[in-house]
Every structure is written in structure tokens, then in C-alpha cells.
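**Student:** Input: one structure, supplied below.
Here, each number is a calculation from the coordinates, and none is a lab measurement. Worth saying up front: this structure is predicted, and the values here are computed from it rather than measured. Cβ atoms come from the backbone with ideal geometry, glycine included; neighbour counts cover every protein chain shown.
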Amino acid sequence: MRATAVEDLLDRIAARAENLFRSKQFMCAEAVLLAVTRGLGQDLPAETAIALAAPFSDGMGGSGCTCGALSGAQGQRKEARRASRELHRRFTAAYRSVCCRVLTKELRNYPKRHFNQCAAITGATARMTARLILEKEQTLTAQVDLNFLDDRHSLVGGLLKRMLPN
């Protein structure tokens, strides 16, 4: 896959993770886990992503510790688990901290700005994670699920999807 095609794929994965979060279908950790895994063509039901990643959202269950988006990224394939130190390094280089409380400290009194920042970090972390995986396993580009990646929901559509069974 050409470099521009890989960058387009990374953009789509980031956008999908951010949309899953913004539409309130998924929390940060769940959105990253699902967007990266399904986006790279691996079979992961949404319910499984929620079960695996829900405890890590909102800085480890609301405690404000490790950023949920970063925690959700750790649940990826073996290659990424082995590369978690590198992901941690890249995340820290981008945001100066992995602590949710630190990342959102100045925004706690501004819910909309707080939400927007978390959405952006969710997308960026999905991008970082997918890049690390593709650096180790380029063959996954042949399995990409573009239908999943290009699917978008509004806030209302996302809430309805979450409330109503398929």
C-alpha cells in the first residue's frame, strides 16, 4: 500500500474513532479499540469491545488516571501489546501526560471543550495505534473494512443506535 493510501486509512480510522465517541455510541477506550480492530478487518463485535474496554474509559473508570483512549489502544493485537511502550512514548510526546486528570485539568469547568478535546485525543490515539500496528504488519491493509470506517452517525443517530437493538 502506498504511503498516501496508508495515511488515508489512518485518517479514516481516526475519524471513525472520533465519530464513535462524538455520537456517544462509545466511550473513548471502546471507540479506539473498535475503530482500530474493525477498521483493520478483524472481527470484533461492538458488545465485545464494550466489555473489554469499558472499565478503562474516563481515565480508568472515572478515576482520572491513565487516559481511556490510550488504555483502549492497549487491547489491540499482540504486535501492539508488545509495542505498548512505544505507543506510550508517542502519546506522551504528543500530550505531555497520559493522565486523564492532567489532560483535562484546565477544561473541567467547560464540558463542551472537555468533550471536544477528548474526542480529538480519541481519534489521534486510534491513528497512533493503527500506525504502530501497520508498521509491524502491513498485510492488514488488505483486510480493511471501508464500510465500517466510512460509517458516521450524528449525536441523535448514535444515541438511538445505542438504545435500540439491531
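**Student:** Using only the alpha-carbon atoms, what does the chain span along each of its principal axes? Please give whole angstrom values in decreasing order.
**Tutor:** Largest to smallest, the principal-axis extents are 44, 39, 27 Å.
**Student:** So, one more: Take Glu86 and Arg108, extend 7 Å from each Cα along the Cα→Cβ direction, and tell me the distance between the two endpoints in nm.
**Tutor:** 3.6 nm
**Student:** Still on this model: Fewest to most neighbouring Cβ within 10 Å: what's the order for Asp58, Asp43, Asp8?
**Tutor:** Asp43, Asp8, Asp58
**Student:** Would you mind calculating the gained length between Leu160 and Glu7 on full extension (0.36 nm times residue separation, minus the Cα-Cα distance), in nm to one decimal?
**Tutor:** Residue separation times 0.36 nm, minus the Cα-Cα distance, leaves 51.9 nm.
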